[in-house]
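The values are calculated or read from the model by the stated rules, or taken from the named source; none is laboratory data. Note that the structure is predicted; figures quoted are calculated from it, not measured. Don't worry about glycine lacking a Cβ; one is built from the backbone with ideal geometry, like all the others, and counts go over all protein chains shown. Surface areas here come from the heavy atoms of the whole protein model, side chains and all, with no ligands, DNA or RNA. Shrake-Rupley method; radii C 1.70, N 1.55, O 1.52, S 1.80 Å.
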Amino acid sequence: MKLFSSVNDVPDVNALVKEALHLKENPYAYKDLGENKTMALVFLNPSLRTRMSTQKAALNMGMNVMVLNMDKEGWALELRDNVIMNGTTVEHIREATAVMGQYADIIGVRSFPGLKDRDEDYSEMIFNKFVQFCGVPVVSLESATRHPLQSLADLITIEELKTRSRPKVVLTWAPHIKPLPQAVPNSFAEWMCKADVEFTIAQPAGYELCADFTKGATITNNQDEALADADFIYVKNWSAYEPYGQVTLVNEDWMLTNERLKITNEAKVMHCLPVRRDLELSSEILDGPASIVVHEAANRVWAAQAVLKRMLEGLS
Ligand code: CP
């Protein structure tokens, strides 16, 4: 594997989930694969889970790890071609990524969307420039439109904790105070559409995700209808795809509570984190038995390790 940016880079999703669960049982079994290999984790935006879990995964594989907080510690990057760099940018992304590729065997990169220009964000300009110019395998640590390591960890979690062979999984929109990217819900939707689950998306009118990510999902504006008999509920806020990046007024209350869980099949509640308590998700759920958010975050290590193992096998 040379690229991990979406579910489309994975020929057999079930096999990758099995591999991750095998690594969870045997974290250090493949340490030799990463010996004398270096992973660079490049962040253009903040992170807790992605940074720590991917670093741990690389260390488990025997790799050396370098972390660069590009947004705070790197030179200001020029992203556009054919411009005279007489403004605030100091280094062009072409040289920066090519140089990083000289120091690292695998590069992970996080680059959020600007949420201003949909075409620019959905073209994945920054992530694709890393792929184009760095010359080594690239892992998405969350790009403008997708968060595949999160989605793989989510699928691993569902596989581990499901109580029936084809569980009902619901992605539900939740309130927030500011516009958030569509990367996590886009990605979760496209992975669930390929998994052996019954998948429903519930969102207020006006918050429909890009249809490219939701083919095969049942989509409704009625949260209660979606939650009925659900086994897993994935809670997440996102801003509108149309009008892009906007937050439009929602009259009804979409925050999940214990009362709303009563119509589910004793559903387990997921969230990628970080979560704003009692805005996006109620404290009573986060502190109660239905929440599996920490278990889900723990599985980020095994998701990253499965991907790194595939990439290291491709290097040797
Ligand atoms: N879920 C997730 O990606 O968390 P971080 O933004 O903290 O990495």
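Values computed for the structure shown
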| read-out | value |
| --- | --- |
| Checking TYR207 against (1) within 16 Å of the ligand (Cβ to nearest atom); (2) touching a strand residue (DSSP E or B) at 6+ places or on another chain (Cβ under 7 Å); (3) more than 21 Å from LYS268 (Cβ to Cβ), the condition it does not meet | (1) |
| Hits in the stretch 1-26 (condition: under 19 Å from LEU41 (Cβ atoms), part of a loop (DSSP other than H, G, I, E, B) and open to solvent by 30 Å² or more (accessible area, probe 1.4 Å)) | MET1, LYS2 |
| Among residues of the stretch 194-230, those that are surrounded by fewer than 20 Cβ atoms within 10 Å (Cβ to Cβ), touching a Lys or Arg at 6+ places or on another chain (Cβ under 9 Å) and part of a strand (DSSP E or B), counted | 1 |
| Strands (runs of 3 or more DSSP E) wholly inside the stretch 63-175 containing at least 3 residues that are in contact with a Leu (Cβ under 9 Å, 6 or more places away or on another chain), farther than 27 Å from ASN14 by Cβ and hydrophobic (A, V, I, L, M, F, W, C) | 64-69 |
| Residue match in the stretch 92-108 (condition: closer than 16 Å to GLY135 by Cβ and among the hydroxyl-bearing types (Ser, Thr, Tyr)) | yes |
| Positions within the stretch 284-300 being out of contact with any helix residue (DSSP H, G or I) (no Cβ under 6 Å at 6 or more places or on another chain), open to solvent by less than 30 Å² (accessible area, probe 1.4 Å) and in a helix (DSSP H, G or I), in sequence order | ILE285, LEU286, VAL293 |
| Residue within the stretch 290-297 that is under 24 Å from ALA40 (Cβ atoms), under 19 Å from the mean Cα position of the chain (by Cα) and either away from the ligand (no atom under 16 Å from the Cβ) or not β-branched (Val, Ile, Thr) (or both) present | yes |
| Of residues in the stretch 29-72 being touching a helix residue (DSSP H, G or I) at 6+ places or on another chain (Cβ under 9 Å) and basic (Lys, Arg), the one farthest from the ligand (Cβ to nearest atom) | LYS31 |
